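A.B. asks: Here it is, the structure, as structure tokens.
The values are calculated or read from the model by the stated rules, or taken from the named source; none is laboratory data. What you are looking at is a predicted structure, and each value in this text was computed from that prediction instead of being measured. Cβ sites come from the backbone with ideal geometry, for glycine too, and all protein chains shown count toward neighbours. Side chains are part of the model used for accessible areas, which takes the heavy atoms of the whole protein and leaves out ligands, DNA and RNA. Shrake-Rupley method; radii C 1.70, N 1.55, O 1.52, S 1.80 Å.
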Amino acid sequence: RDRDVTGVQTCALPIFEPVQLHDDFRAPFVWQQTIDGTDFRRLRSFAKPTPDYLLKTFRPFPFGRFLCDPEPVVCLDLQTATSDSLPRSISYERQATQDGILDGFCAYFDAGFDSEVRFTSSPDAPGTSWGQMLLRVESQRVSVGDTIRLDLQADPLSRLASWRWDWESGSTVRRA
């Protein structure tokens, strides 16, 4: 996880990683469930999940595993960043490096202050006082080599209620 931050006094790396949740904490949407032989797929067209239902903060995060190799999506200089300088959209695509179930995208940070001092809220790091956020998506099985794409829109990024995202895994494209 070491990154070379030589010459960078303060750099925060927001990271949005595709994750599989721990099996005991997986909570599929109602339209993804079959209970006692009753299939609820038809409810999908009626569902209008609210942002507070789709964006959850956990401490500790019910982490199962990353589905891709974690990479930062933006580098912010903590000394000069302002609300106006934060990105209003973040987009990326990656190849899955593990088979698993995509349950959402874990949002966390990794901040470096020099070549030795760092803070991270990664779900696979030792526990911290910071929680991690989950951008929920409809759970979907992914295989090594599948492309996973995330497009996040926020106005502003600092206001979580403004976050909207599209995601794609294999041939499935969804909006949250």
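A.B. asks: Mind listing whichever residues of segment 68-97 are over 17 Å from residue 149 (Cβ atoms) and not in a strand (DSSP E or B)?
C.D. replies: If the condition is that a residue be over 17 Å from residue 149 (Cβ atoms) and not in a strand (DSSP E or B), then 75, 78, 79, 80, 81, 82, 83, 84, 85, 86, 88 are the ones that fit.
A.B. asks: If you don't mind, there's one more thing I want to ask. Every residue in segment 105-128 that is polar (S, T, N, Q), open to solvent by 40 Å² or more (accessible area, probe 1.4 Å) and free of Cβ contacts under 8 Å to residues at least 40 places away in the same chain, please. Don't jump to the end; show me each part of the working.
C.D. replies: Taking segment 105-128 first, the residues polar (S, T, N, Q) are 115, 120-122, 128.
Next, from what is left, pick out any that are open to solvent by 40 Å² or more (accessible area, probe 1.4 Å): 115, 128.
Residue satisfying the conditions is 128 alone.
A.B. asks: Checking residue 153 against (1) farther than 25 Å from residue 23 by Cβ; (2) exposed (fewer than 13 other Cβ atoms within 10 Å of the Cβ), which single condition isn't satisfied?
C.D. replies: Just one mismatch for residue 153, condition (2).
A.B. asks: Is at least one residue of segment 45-62 in a helix (DSSP H, G or I), at negative phi and over 17 Å from the mean Cα position of the chain (by Cα)?
C.D. replies: The answer is yes, given that some residue of segment 45-62 is in a helix (DSSP H, G or I), at negative phi and over 17 Å from the mean Cα position of the chain (by Cα).
A.B. asks: Additional query: Quick check on my filter: what residues within segment 47-80 are of a type in the set (S, T, N, Q) and either under 26 Å from residue 27 (Cβ atoms) or touching a His at 6+ places or on another chain (Cβ under 8 Å) (or both)?
C.D. replies: Once the filter is applied, which keeps residues that are of a type in the set (S, T, N, Q) and either under 26 Å from residue 27 (Cβ atoms) or touching a His at 6+ places or on another chain (Cβ under 8 Å) (or both), segment 47-80 yields 50, 57.
Every residue, every condition in (1) closer than 18 Å to residue 133 by Cα; (2) in contact with a Gly (Cβ under 9 Å, 6 or more places away or on another chain); (3) not charged (D, E, K, R), yes or no:
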residue	(1), (2), (3)
26	yes, yes, no
32	no, no, yes
41	no, no, no
74	yes, no, yes
77	no, no, no
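A.B. asks: How many residues are farther than 18 Å from residue 168 by Cβ and among the β-branched types (Val, Ile, Thr) if we restrict to segment 77-108?
C.D. replies: Total satisfying the criteria: 2.
A.B. asks: Name the single residue that is surrounded by the fewest Cβ atoms within 10 Å (Cβ to Cβ) among those in segment 81-101 being in contact with a Leu (Cβ under 6 Å, 6 or more places away or on another chain) and either closer than 25 Å to residue 25 by Cα or among the β-branched types (Val, Ile, Thr) (or both).
C.D. replies: Once the filter is applied, the top-ranked residue is 98.
A.B. asks: Sticking with this structure for a sec: Have a look at 78, 67 and point out the one that is open to solvent by 70 Å² or more (accessible area, probe 1.4 Å) and touching a residue at least 24 places away in the same chain (Cβ under 8 Å).
C.D. replies: Only one candidate qualifies: 78.
A.B. asks: Conditions: (1) within 12 Å of the chain's Cα centre (by Cα); (2) modelled with pLDDT under 85. Residue 137 meets all but one. Number of the miss?
C.D. replies: (2)
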